[in-house]
Structure formats: structure tokens, C-alpha cells
Amino acid sequence: MSLAGIGYDCHRFVPGRKLILGGVEIPYERGLDGHSDADVLIHALIDALLGGAGLGDIGEHFPDTDERYRDADSLALLETVVTTVIAAGLEIVNVDCTVIMERPKLAPHKQAIREALARALGLAPARVNIKATTGEGMGFIGRGEGVAALATASLRSR
Ligand code: MG
């Protein structure tokens, strides 16, 4: 049986925080605000995995009211979700992600992100696709107020 899940997230840019996307620190003058490390890409990916597995959403698993998740490393949260998905008798087939961000350019970091996520997912990098686009100057993304991410995950029962 094959299963599919989707995920979406967005976070606001603020000064004085690191910009972490897909588990990789990206040099930039601002970072994303959030209870955890605000890794918007991993949060979308976690929701895609949980969605495909029929296991709810990230907020149910890691509540932002829980002090344990303050400044949490989202890559570690992703690893926990992968363990949960595998324990549910499922195998991850592939994931596909899109980051929507005006600046900075993601292109120089895509390969590092792909490798970091592949490691956490236990997949070959070829099964982890990372895409980037912009808001074409429109809306909150176009004004550089924040970053959004979309992800899909395909799963199958083992
Ligand atoms: Mg989030």
C-alpha cells in the first residue's frame, strides 16, 4: 500500500537568530522566529511524514507550549518522527520539498540540505528533492518578512 502526505509551514524573519533550513545553518543577517530553531523546511517535512502515516501534525507531537522544545533542534525532531513512522510499519519512499523565500538564495546550500535530510530520513540523497522559489516580490514572502515551505512524502507499508 502506498501513502502520501503533505506539509506546509511558515516562519517570520527576526534579527538576532540563526537561519537554519533543512538542518543547515545559512549565513544571513536575520533568522526565523519560533519556539524551536524555527527550521521551517523540516517542520513542513515532519507534517508531510505524519500526514502520510495518518499520525496527526507536528503541534500534536511537539507542542510549542512545551518548554522541552524551546530552541529544539528540528533535525532531532525529524529523527524522532522517522522512528515513529518506521515503528508504525511504514517505509519512507521519497520526499519532495519547496522553500519559498526572497532572500538569501538557497541554491548554494541545496546539496548540503539534501544530504542532511537524507541522513535523518535514512534515504539516498536521490530520494530527497529540495527546490527553491521566491514570492516574485509579492506578499509577505516577497517583502522579505518570512519564509514558507511545502513538502510531500511518499510512504509504503513494509
Ligand atoms: Mg514551524
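FYI, it's all coordinate maths here, none of it is from the lab. These numbers were taken from a predicted model, which means no experiment stands behind them. Heads up, the Cβs are rebuilt from the backbone with ideal geometry, glycines too, and the neighbour counts pull from every protein chain shown.
Please report the net charge: other residues with Cβ closer than 14 Å to the Cβ of VAL14, K and R +1, D and E -1.
Details: positive: ARG12, ARG17, LYS18, ARG30; negative: GLU29, ASP33, ASP37, ASP71, GLU145.
Here the count lands on -1.
Quick one: plug the Kirkwood hydrodynamic radius of the chain (C-alpha pairs) into Stokes-Einstein at 10 °C, 1.306 mPa s, and report D in µm²/s.
Details: Rh = 15.5 Å.
Calculated translational D: 103 µm²/s.
Model label sites at HIS61 and ILE6, defined 7 Å from Cα along the beta-carbon direction, differ in position by 1.9 nm.
Computed over neighbours whose Cβ is under 14 Å from that of GLN111, the net charge equals +4, Lys and Arg +1, Asp and Glu -1.
Each DSSP beta bridge with both residues in the chain is either parallel or antiparallel, and the antiparallel ones are about 80%.
When N is the residue count of the stretch 17-92, what does its C-alpha Rg come to as a fraction of 2.2 N^0.38 Å?
Numbers: Rg = 12.7 Å, N = 76, 2.2 N^0.38 = 11.4 Å.
Working it through for the stretch 17-92, the quotient is 1.12.
Taking the Cα centre of the stretch 76-158 as origin and assigning +1 to Lys and Arg Cβ atoms and -1 to Asp and Glu Cβ atoms, the resulting dipole is close to 180 debye.
Once you charge only the Cβ atoms, +1 for Lys and Arg and -1 for Asp and Glu, what is the size of the charge dipole of the chain about its Cα centre, to the nearest 20 debye? Intermediate results must be reported in sequence, preceding the final value.
Numbers: 16 positive and 21 negative charges, 113 e Å.
About 540 debye.
Rg then Dmax, both in Å and based on the Cα atoms of the stretch 68-108: 14.4, 40.
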